[in-house]
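Student: Dropping a structure here in structure tokens format, bear with me for questions.
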Amino acid sequence: MDRDLNLGEMIITRLINIAGYSAIIFVGMIFYFLLREGLPTLNEVNFGNLVSNRWYPIEAYFGILPLLGGSLVITIGATLIAVPFGIGTAVYLAEIAPRWVREILKPLVEVLAGLPSVVLGFLGMLVLAPFLRKYLQLPTGLTAFTGSLLLGGMAIPTVVSVAEDAIDAVPKSYRDASLAIGATKWQTIWRVTLPAAKSGVTTAIMLGVGRAIGETMTVMMVSGNAPVLPGGIRALFKPARTMTATIAAEMGEVATGSVHYHVLFFIGMVLFLISLLINITASFVVFRQRQRQERILS
Amino acid sequence: MTDQKGTRVRYLKQRLGFRLLSSMAILTILPIIAVVIYIVIQGAPAISREFITGFPEDGMRAGGIWPAIVGTFYLTLGTAIFSVPLGIGAAIYLSEYAPQNRFTQMIRISIINLAGIPSVVYGLFGLGLFVLFLNFGTSILAGSLTLAIMTLPVIISTAEEALRAVPQAFRTVSISVGATKWQTIRRIVLPEALPGILTGVILGLERAAGETAPILFTVAAFFLPRLPNSPLDATMALPYHLFVISTQVPGMPIKIQYGTALVLLTFVLSMNIIATVIRSRARASRQW
Amino acid sequence: MKCFRFLLPLLILVFIPACSPPETGSGTSPSESQTIENKGSDTIVNLALAWAERYQEIHPEVRISVTGGGSGTGIASLINGTVDVANASREMKPEEIESAEANGIKPVEFVIARDAIAIIVHLDNPVDKLTLGQISDIYSGKINNWKEIGGEDRPIVRLSRETNSGTHVYFLEEVVRLGEKGNQTLFSRDTLLLPSSEGISAEIRQNPNAIGYDGLGYVTEEMKVVAVAEDPEGRYVMPSAQSVNSGNYPIARNLYMYTNGEPAGVIEEYLNWIQSPPAQEIVTELGFVPIKP
């Protein structure tokens, strides 16, 4: 009886351990498969072609720079929107809003996180793009900017929830001390609370950026998908093609194992590495902060 | 005198600042409400019994979207079958078993990374591993597995948070009356953390139900006249169906597009609301 | 790398038992129905869908699933052996036939309808005729404003299908390159590549700067079709079933289905039906051009 129990306990513990390791295994497997299918690109496509500024796969032009550029422009635009609004909303929720407002607004922000990207893309295509074309006097409404607007909106919930947590985690004693020496609440927010939450807020911004780079369907539906290497700020108001949209639009077509297939996996690999970079940096910021806080608290 | 004026200026600045921040918050929230209301108004006229339970007709320009609803339901269910045990297991490991060392830190970094990987890259991975390498074909199985891995980080992190919130004293007492570690977890810790875990699970599945990019190459079908028979069949799914009818079918009545958007939105938002309710109930009734 | 090989079977072991088949309430069991997997060209998908629906009314025992994605997608699936019938709005390329044969697949071609490619603009656009040369210059970026071809002073926004579409390839070869072998002209870089025909229609409907091309079946009353001439001296012709079959409209092509080997059984019956008058009537209904019997 006792042995049965021990055996059961052992099996369960094993299973839990495996589940615990699963995240590492999956990240490894994803990376392995991207490498496996993506690396042949470097043999099949000469490097000059790969870093050229012409993406036209059916004629074997595999320049990924316009796609990188498109992702970059749209992400910068999205960040410019998501950061001020995300942080502003987070500060408002954490420091200013009365409790009941907070109870209503927080779930609403989470609703935004749950809106399916294809629904936003659908509305963007039907409502937002024509609207922007008319009021900004653009040749077409399907531009990087339209993508940025929607992506910025989609990144906001990520920024808000992480930043709000960070601001919330600043010990109350900091604020009390600041208020006690005569600072206003406003001054306290800017000079004490936000600086104390700096690393958490940075993490929030980075995760928001990550969300924007990775978004696929919305961008594909509203940003026009023209593979033009962006030059200057005006590129924001021209059509752009992102790496994610390229994969989504073209993967269905290619024959398994063809050069084009490998290049698309290669782009997937680039995307994976970018998100890895962002997230590892973000998580180191988190860990550092946690250690510092522990030091402060002990 | 000047000091008083300074104070007044400072408070004026504060008032203006608070105004600014609250209007930013409102500007963030309003579009969300507008989007939801707009879709409800535009989509409501399309909703009828036949629309929900009927099959697409006339090149999907008429009839209903039942196969897409069923498909999304199966996919969500399939995702749950794989991701819930694995996610909760991983959360238990992290909160109850994991030692404080570099390896555990690597697990945590991996989870953060999983959460950040673009959804279309999951699609590529699903295509590479499940559809081609393991030869599942474009199927519910391949799609569910892909979505499951994608939702894993959401489930793990919320479930872990819920488990950690259970006070240490509960565990100490249970162990001290002779229960084993697993018995303690199963009888004491898990039940206490259940609402929090449930919230995480639902939020994870909500994301799976609404995603299009990961199912593009792993499961989604443009049009299937009948419901799928086995996990190895392809299926229609709501998000992909909306993508298809809003971009690929000519002469599509706009009513059906908005109707489909509304059904998808309802599906996803009701999960969201359930999760929110469970969480706030749990918070309210917490006795520790 | 080795460790992944080792972990894979392990993971499968963990997953497989957990996967129980979801039961469906309706739908016949696979044993009594025969399935035809049909996939490919977005141009054909709506036609294929209409055929599938009508055919299943007559033959309820046959189950036809239709998927779009582009001609390349369908052909790739045929090569991979995952579909029975591939739809294509262009002929298979020699290298595709090669890789099919390498996989033990023998593609057999059927012409199932014809299609005119219409040049479409916004209803308010005053331009109503263009030569092939002008269209080529527009799409290759040599003409950038509508006033250069007799329109208003507006920038031209070029719309195209994605590169995986047979329509795109056909348009590149026959219009942008004017059908000249060795002509290496490409689409202007800033051409918007929209994932689908409906994306083009949606933009044409509301944007007076836009020009697009699409199968005649996709043209609705909310857009304007431009008459096309082969050269400036030629006659400007509107696309229609007559002008395509008489050979007067210059941008027309065949639409294809491909099977693996000579079709037999259900697939043969289906393809025979598609080429029969009742099915070809549906072709006309959807705005395509029927094949001559």
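What follows is calculated from the coordinates using simple rules that are stated; it is not laboratory data. The structure displayed is predicted, hence computed values, not measured ones. As a convention, Cβ positions derive from the backbone with ideal geometry for all residues, glycine included, and neighbour counts pool all protein chains shown.
Student: How many percent of DSSP beta bridges within chain C run antiparallel, rounded to 5?
Tutor: So the antiparallel bridges amount to about 60 percent of the total.
Student: Working out 0.36 nm times the residue gap between A:Asn6 and A:Asp168, then minus their Cα-Cα distance, what length gain in nm do you get to one decimal?
Tutor: Result: 54.0 nm gained on full extension.
Student: Determine by what factor the alpha-carbon radius of gyration of the protein assembly as shown differs from 2.2 N^0.38 Å, reporting the quotient.
Tutor: 0.99
Student: With chain C treated as a Gaussian network of Cα nodes joined by springs under 10 Å, which of C:Val175, C:Val108, C:Val66 yields the largest mean-square fluctuation?
Tutor: Evaluated over chain C, the most mobile residue of the options is C:Val108.
Student: Related question: Mean separation of Cα pairs under 8 Å and 6+ residues apart, divided by the residue count of chain B: what relative contact order is that in percent?
Tutor: Contact order relative to length: 26 percent.
Student: Please state the shape class of segment C:115-252: rounded when a/c is under 1.5, otherwise prolate if a/b exceeds b/c and oblate if not, all from the C-alpha gyration tensor.
Tutor: Since a/c stays below 1.5, the shape of segment C:115-252 is classed as rounded.
Student: Below 13 angstrom from the Cβ of A:Asn225, what's the summed charge of the other residues (Lys, Arg +1; Asp, Glu -1)?
Tutor: Charge balance in the 13 Å sphere: +1.
Student: Projecting each Cα onto the charge dipole of segment C:134-257 (Lys/Arg +1, Asp/Glu -1 at the beta carbon, about the Cα centre), which of C:Pro232, C:Thr167, C:Gly215 comes out farthest on the positive side?
Tutor: My answer, from the dipole projection, is C:Thr167.
Student: Could you tell me how far the Cα centroid of segment A:76-126 sits from the Cα centroid of segment A:202-265, in Å?
Tutor: 23
Student: So which helices of chain A fit the span-like rule, where a helix is a whole DSSP H run, its Cα atoms reach 27 Å or more along the axis, and its mean Kyte-Doolittle is at least 1.0?
Tutor: Span-like helices, by this rule, are A:65-91, A:144-168.
Student: Dipole size in debye (nearest 20) for chain C around its Cα centre, Lys and Arg Cβ +1, Asp and Glu Cβ -1?
Tutor: The dipole magnitude comes to about 680 debye.
Student: From the Cα gyration tensor of chain A, with a ≥ b ≥ c the square roots of its eigenvalues, which class applies: rounded if a/c is under 1.5, or else prolate if a/b is larger than b/c, or else oblate?
Tutor: Here chain A falls in the oblate category.
Student: Go ahead and run the numbers for FRET between C:Glu152 and A:Lys185, Cβ-Cβ distance against an R0 of 56 Å, rounding to 0.05.
Tutor: 0.50
Student: Within the protein assembly as shown, what percent of beta bridges assigned by DSSP are antiparallel, to the nearest 5?
Tutor: 60
Student: So, in nm, how far is label B:Val173 from label A:Phe131 when the simple model puts each one 7 Å beyond its Cα toward the Cβ?
Tutor: 5.5
Student: Which residues in segment C:46-73 have a backbone N closer than 16 Å to a point placed 7 Å from the Cα of C:Glu269 along the Cα-to-Cβ line?
Tutor: Those under the cut-off are C:52-65.
Student: Grab the other residues whose beta carbon is less than 12 angstrom from that of A:Ala82, score K and R as +1, D and E as -1, and report the net.
Tutor: Summing Lys and Arg as +1 and Asp and Glu as -1 gives 0.
Student: Dipole size in debye (nearest 20) for segment B:65-284 around its Cα centre, Lys and Arg Cβ +1, Asp and Glu Cβ -1?
Tutor: For segment B:65-284, the charge dipole is close to 460 debye.
Student: For segment B:56-165, take the convex hull of the Cα atoms, compute a quarter of its surface area, and give me that in nm², please.
Tutor: The directionally averaged projection comes out at 8.9 nm².
Student: Which whole DSSP H helices in chain B pass both tests: a Cα extent of 24 Å or more along the axis and a mean Kyte-Doolittle value no lower than -0.5?
Tutor: Length and hydropathy pass: B:2-43, B:66-92, B:140-165, B:190-210, B:254-285.
Student: Let me ask something else. Just going by the charge dipole of segment A:39-297, with Lys and Arg at +1 and Asp and Glu at -1 on Cβ, which of A:Ala282, A:Tyr174, A:Ile58 is farthest out on the positive end?
Tutor: Checking the options against the dipole of segment A:39-297, the answer is A:Tyr174.
Student: Give the shape of chain B as rounded, prolate or oblate, defined through the alpha-carbon gyration tensor: a ≥ b ≥ c are the square roots of its eigenvalues, a/c under 1.5 means rounded, and otherwise the shape is prolate if a/b is larger than b/c and oblate if not.
Tutor: Oblate.
Student: Divide by every residue of the protein assembly as shown the summed helix terms, -39500 (n - 2.57) for each DSSP H run of at least 4, and state the resulting mean residue ellipticity at 222 nm, rounded to the nearest 500 deg cm²/dmol.
Tutor: My calculation for the protein assembly as shown gives -19000 deg cm²/dmol from helical runs alone.
Student: Sort A:Arg14, A:Arg99, C:Arg177 by Cβ crowding within 10 Å, fewest neighbours at the top.
Tutor: Result, fewest neighbours first: A:Arg99, A:Arg14, C:Arg177.
Student: Fewest Cβ neighbours within 10 Å first, please rank B:Met106, C:Met92, A:Met243 accordingly.
Tutor: Going from sparsest to densest Cβ surroundings: B:Met106, C:Met92, A:Met243.
Student: In nm, to one decimal, how far is the modelled label at A:Leu15 from the one at B:Phe103, with both set 7 Å along Cα→Cβ?
Tutor: Calculated label separation equals 2.1 nm.
Student: Quick check: net charge around B:Ile155, other residues with Cβ under 12 Å of its Cβ, Lys/Arg +1 and Asp/Glu -1?
Tutor: Cβ neighbours under 12 Å give a net charge of -2.
Student: Using a cut-off of 20 Å between alpha-carbon atoms, which lysines can reach B:Lys5, once sequence neighbours fewer than 8 places away in the same chain are excluded?
Tutor: Candidates past the 8-residue exclusion: A:Lys185, B:Lys13.
Student: For segment B:232-288 and segment B:9-69, compute the distance between their C-alpha centroids and round to whole Å.
Tutor: Rounded to whole Å, the Cα centres lie 11 Å apart.
Student: Kirkwood hydrodynamic radius, chain C, all distinct C-alpha pairs: what's the number in Å?
Tutor: Its Kirkwood hydrodynamic radius stands at 21.0 Å.
Student: Could you work out the relative contact order of segment A:39-297, using alpha carbon pairs under 8 angstrom and six or more residues apart, expressed as a whole percent?
Tutor: 28
Student: Then there is this: Can you give me the long-range amide H partners of C:Val157? Hydrogens built in the peptide plane at 1.01 Å from N, cutoff under 5 Å, separation of 5 or more residues or another chain.
Tutor: Hits under the 5 Å cutoff: C:Ala210, C:Ile211.
Student: If each of B:Arg10 and C:Lys93 carries a label point 7 Å out from its Cα toward its Cβ, how far apart are those two points in nm?
Tutor: For the pair B:Arg10/C:Lys93, the computed spacing is 7.1 nm.
Student: With 10 angstrom as the radius, rank A:Leu80, B:Leu114 by how many other C-beta atoms surround their C-beta, starting from the fewest.
Tutor: By the 10 Å Cβ count, ascending: A:Leu80, B:Leu114.
Student: Which of these, B:Glu96, B:Glu160, B:Glu206, has the largest mean-square fluctuation under a Gaussian network model of chain B (Cα springs below 10 Å)?
Tutor: B:Glu96
Student: If you put +1 on each Lys and Arg Cβ and -1 on each Asp and Glu Cβ, how big is the dipole of the protein assembly as shown around its Cα centre, in Debye rounded to 20?
Tutor: With Lys and Arg at +1 and Asp and Glu at -1, about 4860 debye.
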